[in-house]
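The structure under discussion appears below in the form of structure tokens.
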């Protein structure tokens, strides 16, 4: 029997008000982090600015649809279909969207280490926004 999984993004379990699709878990990926971010139009400052100094994770962002800019250390980098951006662990990053919103594939992992999935990415885990 072939070893593969196919699932539509819109059918994947989501948290954070539907904006964080648990793509890694839905597809059974265990080697690296992978989520789909569905972001509304005109996000500017709502997506948490963060780095991964504490866990050493690097991330790759790929715009699947819409309009977005990746802000890395204050430098705004336009994302468009066909452009991929890698951000190292110590760089501070955030995402801003345009008038159409954005769907972004976010991939992550720690170089030289086995991947350990965070609880929020597990199927059936509570939505951190459920009590807000």
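Say we look at the stretch 20-42 and pick out the residues that are in contact (Cβ under 8 Å) with a residue 12 or more places away in the chain and surrounded by fewer than 18 Cβ atoms within 10 Å (Cβ to Cβ); which of these is nearest to residue 72 (Cα to Cα)?
Residue satisfying both the conditions and the ranking: 42.
I want to confirm something. Restricting to the stretch 10-19 and keeping residues that are part of a loop (DSSP other than H, G, I, E, B) and modelled with pLDDT of 95 or more, which single residue is surrounded by the most Cβ atoms within 10 Å (Cβ to Cβ)?
Selected residue: 12.
Any idea which of 91, 85 is in a strand (DSSP E or B) and modelled with pLDDT of 95 or more?
85
What are the residues in the stretch 107-120 that are farther than 14 Å from residue 51 by Cβ and either surrounded by fewer than 17 Cβ atoms within 10 Å (Cβ to Cβ) or out of contact with any strand residue (DSSP E or B) (no Cβ under 9 Å at 6 or more places or on another chain) (or both), if any?
Within the stretch 107-120, 111, 112, 113, 114, 115, 116, 117, 118, 119, 120 qualify.
I'm trying to understand the selection: among the residues of the stretch 46-59, which are touching a residue at least 12 places away in the same chain (Cβ under 8 Å), more than 16 Å from residue 105 (Cβ to Cβ) and in a loop (DSSP other than H, G, I, E, B)?
Within the stretch 46-59, 48, 49, 51, 52, 53, 55, 56 qualify.
Mind listing just one residue for me: the one in the stretch 84-98 that is without any contact (Cβ under 8 Å) to a residue 40 or more places away in the chain and touching a strand residue (DSSP E or B) at 6+ places or on another chain (Cβ under 7 Å) and, of those, surrounded by the most Cβ atoms within 10 Å (Cβ to Cβ)?
87
Let me confirm something: among 66, 101, which residue is in contact with a strand residue (DSSP E or B) (Cβ under 8 Å, 6 or more places away or on another chain) and under 19 Å from residue 34 (Cβ atoms)?
66
Condition test on residue 124, is it loosely packed, with under 12 Cβ neighbours inside 10 Å, modelled with pLDDT under 95, over 15 Å from the mean Cα position of the chain (by Cα) and within 23 Å of residue 5 (Cβ to Cβ)?
yes
Among the numbered criteria (1) under 28 Å from residue 6 (Cα atoms); (2) surrounded by fewer than 16 Cβ atoms within 10 Å (Cβ to Cβ); (3) in contact (Cβ under 8 Å) with a residue 40 or more places away in the chain; (4) more than 12 Å from the chain's Cα centre (by Cα), which one does residue 64 miss?
(4)
The values are calculated or read from the model by the stated rules, or taken from the named source; none is laboratory data. The structure displayed is predicted, hence computed values, not measured ones. Note that each Cβ is placed from the backbone with ideal geometry, even for glycine, and that neighbours are counted across all protein chains shown.
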